[in-house]
Amino acid sequence: MKKPEHQVCLAISRYLKTQYKGVIFRFDQAGYNLSMAQSTANKAIQMNDFKYPDLFIAHPNSFYHGLYIEVKEPNCKVFKADGTMYANEHQIAQNEAIKALRVKGYYATFGIGFDSCKRIIDWYMKLI
């Protein structure tokens with residue numbers, strides 16, 4: 001059985017392929033269960049501490065160089081009602097990567113479930 005986050009990624013991929021034909025996008029494979037050899041080879045070519053977001057859409061506009069989304073499964077809790085993050089080291093590191101990408105001119109954010117990701121993508125793709 002596939003992980004809920006993977007199901008969201010599949011739905012996003014289908015959506016992009018049908019609604020935004022020709023748009024260039026790529027999902028990071030960090031969440032996959034790789035063999036020890038594959039994992040070692042992958043780590044050797046990556047930045048050590050950078051938690052690269054799950055999805056990159058290579059579609060620049062007047063405001064941003066492209067779109068990054070850290071995809072989360074539906075109902076995942078990232079931020080509290082007051083806007084602070086839950087004390088999850090992994091998500092805090094992901095948020096640091098999102099902030100670093102924003103400084104570099106990308107729109108980067110968390111997307112919780114398919115509907116949230118779809119709203120982000122649609123909003124972004126309408127920017128000129």
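The values are calculated or read from the model by the stated rules, or taken from the named source; none is laboratory data. All of these numbers come straight from a predicted model, not from anything done at the bench. Here Cβ is always computed from backbone atoms with ideal geometry, including for glycine, and neighbour counts include all displayed protein chains. Remember, those area values only see protein heavy atoms, side chains included, never the ligands or the DNA or RNA. Shrake-Rupley method; radii C 1.70, N 1.55, O 1.52, S 1.80 Å.
Can you tell me which residues in the stretch 37-50 are loosely packed, with under 13 Cβ neighbours inside 10 Å, assigned to a loop (DSSP other than H, G, I, E, B) and either among the small types (Gly, Ala, Ser) or modelled with pLDDT of 80 or more (or both)?
Scanning the stretch 37-50 gives a single hit, 45.
Starting from residues that are among the β-branched types (Val, Ile, Thr) and part of a loop (DSSP other than H, G, I, E, B), keep the ones in the stretch 65-94 and report whichever is surrounded by the most Cβ atoms within 10 Å (Cβ to Cβ).
Filtering first and then ranking leaves 78.
With respect to residue 34, determine if the residue is in a loop (DSSP other than H, G, I, E, B), farther than 21 Å from residue 102 by Cβ and free of Cβ contacts under 8 Å to residues at least 24 places away in the same chain.
Working: in a loop (DSSP other than H, G, I, E, B): yes; farther than 21 Å from residue 102 by Cβ: yes; free of Cβ contacts under 8 Å to residues at least 24 places away in the same chain: yes.
When the stated conditions are applied, residue 34 passes them.
Condition test on residue 82, is it modelled with pLDDT under 95, farther than 22 Å from residue 8 by Cβ and acidic (Asp, Glu)?
So residue 82 passes the test.
List the residue pairs whose Cβ atoms are under 7 Å apart, where the first residue sits in the stretch 105-128 and is touching a residue at least 40 places away in the same chain (Cβ under 8 Å) and open to solvent by 30 Å² or more (accessible area, probe 1.4 Å), the second is of a type outside the set (A, V, I, L, M, F, W, C) and assigned to a helix (DSSP H, G or I), and the two are 6 or more positions apart or on different chains.
107/124; 118/15
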